[in-house]
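Report on the following structure.
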Number of protein chains: 2
Amino acid sequence: MKKALILLGCPESPSQTPMAVYVTYKLKNMGYDVTIASTPSAMKLLEVSDPEQFYITQKTDIESCLENLDQGAYDLLVGFVHRDAAVSYFVTFYYILNTSSIAIVFERDAEELERFINDIENNTNATIISARAYHNPTPLRVKFDKTIKTMEESHVLP
Amino acid sequence: MKKALILLGCPESPSQTPMAVYVTYKLKNMGYDVTIASTPSAMKLLEVSDPEQFYITQKTDIESCLENLDQGAYDLLVGFVHRDAAVSYFVTFYYILNTSSIAIVFERDAEELERFINDIENNTNATIISARAYHNPTPLRVKFDKTIKTMEESHVLP
């Protein structure tokens, strides 16, 4: 089975937990076995958000995930990026996994958003989905849907 | 069937959407038919957060809900309060429904939190659950579980 890893950053943004559920749901429907790697605080939000584990069945701590990570462990990497720490995590995971990768970059502040996008562009060949999003998840959801559809149709996805 | 109404405020806090799912889940397990009334932006977060509508089956716009509200329409009111507007909505719904009510008050800032608690205390007899919560939902979740258990055991709940 194809395996996808979703990276969650700091949980400050109200869009992140809902979008993490949504991305998991979409990827599962596409046949991926999905694992979410996150900080402990982001994981608490996921647990409260899905008490029956209907959507999110596999969760792991981002640090221990990184320690045991090998190339080929996952076929697809999707990272939520809205902090410098999340950029670093994404780039690190990107180079270890060396596979198809999508960065979902979101920030309320336009300059910060631009900076995160540049950081990802200058350091990786990942597909970038970006929006000035904070509490409205729709721009990210719509762009994610379009991007994943295009990648699927052009056989870029594993 | 017993009917509960959950009121959601502005969606700025990353805890609100996950906790709304959790409270819905708990109340359904207690036999309530649960409806969530929210602003359009809070509703978008709910939709992304539960794409299969596994947890949240009944959603309504808070304004149109208010227009058509009568005493006795719901047996239990649960309101998320972390803004002045949410205080006003809660108090308004409280007086129209005139039934068992719980205010979940949360704010990062201690003074603001105190002010919201005082507003609810001075204007209603609702049970108050409060925490200085922002991206950690655990204090709210634990207090909600304890409060609802106590209310159930002492037959305060409808």
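The table that follows gives values for the structure above.
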read-out	value
Integer Hz, Karplus 6.51/-1.76/1.60 couplings in order for the stretch A:144-158, x for Gly and Pro	4, 4, 5, 4, 5, 5, 4, 5, 5, 5, 8, 6, 7, 7, x
Distance from the stretch A:120-158 to the stretch A:1-66 (C-alpha centre basis), Å	17 Å
Mean separation of Cα contacts under 8 Å (6+ apart) over length of chain B, as relative contact order %	23 percent
Rounded to whole Hz, the Karplus (6.51, -1.76, 1.60) HN-Hα couplings of the stretch A:28-38, x for glycine and proline	4, 5, 8, x, 8, 8, 10, 10, 10, 9, 8
Candidates B:Val34, B:Val48, B:Val23: whichever shows maximal mean-square fluctuation once chain B is modelled as a Gaussian network with Cα springs under 10 Å	B:Val48
Simple label model, 7 Å out from Cα along Cβ direction - A:Met151 to B:Glu63, nm	3.8 nm
Other-copy label distances relative to A:Asn68, 7 angstrom Cα-Cβ extension, nm	5.1
Per residue convex hull volume, Cα atoms of the protein assembly as shown, in Å³	132 Å³
Built amide H within the under 5 Å cut-off of A:Lys2, gap 5+	A:Asp33
Gaussian network model of chain A, Cα within-10 Å springs - most flexible of A:Lys59, A:Lys26, A:Lys146	A:Lys146
Other-copy label distances relative to A:Glu47, 7 angstrom Cα-Cβ extension, nm	3.1
Pseudo-label separations to other copies for B:Asn98 - Cα-to-Cβ vector, 7 Å, nm	7.3
Over 26 Å between alpha carbons, listed pairs B:Lys28/B:Lys146; A:Lys26/B:Lys44; A:Lys44/B:Lys3; A:Lys26/B:Lys149; B:Lys2/B:Lys149; A:Lys44/B:Lys28	A:Lys44/B:Lys3; A:Lys26/B:Lys149
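Where a number appears in this text, it was derived from the coordinates with a stated rule and is not lab data. Predicted model only: the values in this text are computed from it and were never measured. Note that we place each Cβ from the backbone using ideal geometry, even for glycine, and neighbour counts take in every protein chain shown.
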